[in-house]
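Trainee: Input: one structure, supplied below.
Here, each number is a calculation from the coordinates, and none is a lab measurement. Values in this document were obtained by computation on a predicted structure and should not be read as measured data. Neighbour counts run over all protein chains shown; Cβ positions are idealised from the backbone, glycine included.
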Amino acid sequence: MQKELRDQATLAAKNNGFSSLQEAIRVLLMKLSKKEISIRVEEKEEQLSPRAMRRYNRIVEQIKNGTMKTIPFNSTKDLMKYLS
């Protein structure tokens, strides 16, 4: 484990009331093994800048009103054939 990661995790554990990182991990593993907690990993949702949001909204409107040409594909295979 990288020292920086360990130091950050130790600080976070202490800020959450644990005496050490080892204690935090022990409690976590014990609760996980007893199915008292579950862990879910999610990625943070990206936020578009106002400029990008305006751009994408404009593109969506162009698609809806037919001023932007789009090509429908029934399968990934058809799309790949078109791209090659």
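Trainee: If you count, for each residue, the other Cβ atoms within 10 Å and average over each peptide, how do 9-18, 35-44 line up from highest to lowest?
Mentor: Descending mean neighbour count gives 9-18, 35-44.
Trainee: Using DSSP to define loop residues, name the chymotrypsin sites (Phe, Trp or Tyr not before Pro) in the stretch 31-84 whose beta-carbon has at most 14 other beta-carbon atoms within 10 Å.
Mentor: PHE73
Trainee: So what are the ³J(HN,Hα) numbers for the stretch 71-84, from phi and the Karplus equation (6.51, -1.76, 1.60; θ = phi - 60°), rounded to whole Hz, Gly and Pro as x?
Mentor: 10, x, 10, 8, 7, 5, 4, 5, 4, 5, 5, 5, 6, 8
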